[in-house]
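Read through the structure below, which is laid out as structure tokens, and then see the notes.
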Amino acid sequence: MKKLVDGIDRISEFFFGKAGKNLLSLVTLWLVFISITGINLKTREWENPIRIIQDDVHLYYIYLPAVFVHHDLTFGFFQEEPDYQRKFWLSAHPETGVRIPKMSMGMAMVYAPFFLVAHYIVMPLTGATGGVYAIPYKVALVVASLLYLLLGLWLLRKLLLSYFGEAAVSITLVVVAFGTNMLWYVTHEPAMSHIFSFALILLMAVQTQRWLAKPGIKQSLLPGLLFGLIVLIRPTNIIFGMIILFMPGKAVYRFRERVQFILSNYRGLIIMIAGFLMVWAPQLVFWKFASGSWFYYTYGEEGFFFGNPQVFSSLFSWRKGWLVYTPLMLLAFAGLPLLYRKQRGLFNLTAIMLVLLVWVNASWWCWWFGGSFGNRAYIDGYGIFAFGVAAVAQAMLTQRFRLLRAAFLLITGFFVFLSAFQQWQYRQGIIHYDAMTRAAYSDAFFETTLRPDLQGSLVDPDYAPGVKGIYYPPHEISKAERQKRNYRILINRPYLEEYLKNSAGNDPALMRRILAASPQTDTAAALEKWVDDKITRMWK
């Protein structure tokens, strides 16, 4: 054991000592970026017809074909193109008939420069087929994701070096890029919004520091524009407006002084608000055109339950707990006491953003955020949470006890490997996208083969009660139990039908409801339909 500790200590001294005083974090950044680019080149997800432009990305992306290909912001082309209808759905406004995408157009704005290069240059040169889902368009979105990753890591390094040493910054870059679920969203689902939000939030933080140092027109406009885009991409990210209030500048942070600074520079605040509205103007105009209202809620029955946040589930559930599938983000919490003692401004910002993001994410009706690796909704805040991670890394690397330094590096390395390995498992289907349980997690731990028995302990979430804020209803059962129950229903169907018909016949009030709800005029046909629907619901 002593030899192992001595070896790790010598390696850490070589890389994290004077030899790497000015270059270590820069080299780390480029190695991380090149590695992630290499993963993309190896997996070549853009060649898979159902990847890259998938799931939510359809609804981010569709604005661009509407404007530049179909020239139709009523989205009337949607009805005429079966290819679109097979991939996603656009609801029509009940009064205007205009189809309105569920997602706002922030991501379309981010995609636009890359889409235009693919549309006007690459597509004509290559003659690629596949319409707006052709490979050049997908590659354009992957390139966009990689460039925003590079921007985000560059800005994160810049911010961290203002407060921490090269070694701590290097470890933090590795933890954020490889030790979290962000890795999945820059390699396998790179067109999702999270890596773009991650970079833009960090850019807003840097621009806020510049505004604090020199509150001129340009310095005031840029944070407003960035904040507008961040919120337009993901409206819940309005909570990152706290960066204006809590991002430390060069002076020692004091909340009262920050409020006084903002009030004394009210012209700059007005310019920020103007920048925010400039970004939002196209969306507001579209909603007005499409619905008759300047603001239009596109999520239907979906909403927040702020009085019933599923905090424990959001953080620790086996289904999709953030800290279960991204355990290294526990360092963000562990770093808070260290930040409080040494960097009070960073403590305020990190603590407030942790509390707000956990509360907002846990209050969303679908706190597990559909199919994903881990709880993806937290990725946007990793640039802020990195301050806590770096504080722990700095404290451990400056320990006098070599054993503690070695243990920290070993444990961190293990969890970086575990995160990357579990993302490989997720790609193989060994870790399920939304139905994991403690038994399923235990069965899958370090498993390399998708065995049939791994599926038996999965429990599908019941989305219908979730929309109403009801979680873990009694009828959420494992796949194995569901198969047994469905088999019992199948073999006992004649007895079930007879029982249900007798129940309805003996209950006049129930029979009246059955007849009122049925389009059938014949009583026997209405009863038959009700029984069939009842058994179908049991089956599901």
Exercise for the section: Return a yes/no flag: does segment 110-121 have any residue that is in contact (Cβ under 8 Å) with a residue 24 or more places away in the chain, under 18 Å from Phe289 (Cβ atoms) and crowded, with 17+ Cβ neighbours inside 10 Å. Expected result: no
Problem - Breaking point among (1) closer than 27 Å to Tyr433 by Cα; (2) at pLDDT 95 or above, for Phe114 - result: (1)
Completion exercise
For segment 137-177 the number of residues that are polar (S, T, N, Q) and surrounded by fewer than 22 Cβ atoms within 10 Å (Cβ to Cβ) is 1
Fill in the blank from the handout: Counting only residues in segment 463-487 that are among the charged types (D, E, K, R) and modelled with pLDDT under 75, the one nearest to Ser313 (Cα to Cα) is identified as Glu476
Practice task
Can you run down the residue pairs with Cβ atoms below 6 Å, 6 or more apart or on separate chains, where the first is in segment 346-359 and over 19 Å from Tyr253 (Cα atoms) and the partner is of a type outside the set (A, V, I, L, M)?
Solution key: Leu357/Gly381; Trp359/Pro309
Practice task
Count, please, the residues in segment 47-64 that happen to be over 20 Å from the mean Cα position of the chain (by Cα), modelled with pLDDT under 95 and part of a helix (DSSP H, G or I).
Solution key: 1
Practice task
Assess whether Leu356 counts as being surrounded by fewer than 19 Cβ atoms within 10 Å (Cβ to Cβ) and within 30 Å of Phe306 (Cα to Cα).
Solution key: yes
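Per-residue answers, yes or no, for (1) modelled with pLDDT of 90 or more; (2) in contact with a Phe, Trp or Tyr (Cβ under 6 Å, 6 or more places away or on another chain); (3) assigned to a helix (DSSP H, G or I):
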position: Met396; (1), (2), (3): yes, yes, yes
position: Ile411; (1), (2), (3): yes, no, yes
position: Phe417; (1), (2), (3): yes, no, yes
position: Tyr441; (1), (2), (3): yes, yes, yes
position: Thr448; (1), (2), (3): yes, no, no
position: Ser457; (1), (2), (3): no, no, no
position: Pro461; (1), (2), (3): no, no, no
Handout entry: Exclusive hit being surrounded by 13 or more Cβ atoms within 10 Å (Cβ to Cβ), closer than 30 Å to Pro465 by Cβ and either of a type in the set (A, V, I, L, M) or free of Cβ contacts under 8 Å to residues at least 24 places away in the same chain (or both), set Ile271, Ile233, Ile244, Ile262
Key = Ile233
Practice task
Being of a type in the set (D, E, K, R) and under 23 Å from Gly466 (Cα atoms) is the filter here, so list the residues in segment 425-454 that pass it.
Solution key: Asp434, Arg438
Handout entry: Residue tally, condition modelled with pLDDT under 80 and of a type in the set (Ser, Thr, Tyr), over segment 491-528
Key = 3
Handout entry: Pair list, Cβ < 6 Å and 6+ apart or interchain, from segment 78-107 residues that are over 23 Å from Val285 (Cα atoms) to residues that are outside any loop (DSSP other than H, G, I, E, B) and not aliphatic (A, V, I, L, M)
Key = Tyr84/Phe78; Lys87/His58; Phe88/His58
Practice task
Filter the helices (runs of 4 or more DSSP H) completely within segment 82-130 down to those with at least 2 residues that are hydroxyl-bearing (Ser, Thr, Tyr).
Solution key: none
Exercise for the section: Among what's in segment 389-424 and is under 19 Å from the mean Cα position of the chain (by Cα) and buried (at least 19 other Cβ atoms within 10 Å of the Cβ), pick the residue that is farthest from Val324 (Cα to Cα). Expected result: Gln423
Practice task
Can you run down the residue pairs with Cβ atoms below 8 Å, 6 or more apart or on separate chains, where the first is in segment 127-145 and touching a residue at least 40 places away in the same chain (Cβ under 8 Å) and the partner is surrounded by 16 or more Cβ atoms within 10 Å (Cβ to Cβ) and of a type in the set (D, E, K, R)?
Solution key: Lys138/Glu45; Lys138/Arg51; Val142/Glu45
Completion exercise
Looking across segment 425-444 at residues that are hydroxyl-bearing (Ser, Thr, Tyr) and touching a residue at least 12 places away in the same chain (Cβ under 8 Å), the single one that is surrounded by the fewest Cβ atoms within 10 Å (Cβ to Cβ) is Tyr433
Exercise for the section: Considering each of Leu146, Leu160, Leu141 in turn, give the residue that is closer than 17 Å to Trp46 by Cβ and touching a Ser or Thr at 6+ places or on another chain (Cβ under 7 Å). Expected result: Leu146
Handout entry: Segments classed as helices (runs of 4 or more DSSP H), wholly inside segment 200-295, with at least 1 members that are out of contact with any Gly (no Cβ under 6 Å at 6 or more places or on another chain), within 30 Å of Glu95 (Cβ to Cβ) and of a type in the set (Ser, Thr, Tyr)
Key = 266-291
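The values are calculated or read from the model by the stated rules, or taken from the named source; none is laboratory data. These figures come from a predicted structure and were not determined experimentally. Positions of Cβ are generated from backbone atoms using ideal geometry, with glycine treated the same way; all protein chains shown enter the neighbour counts.
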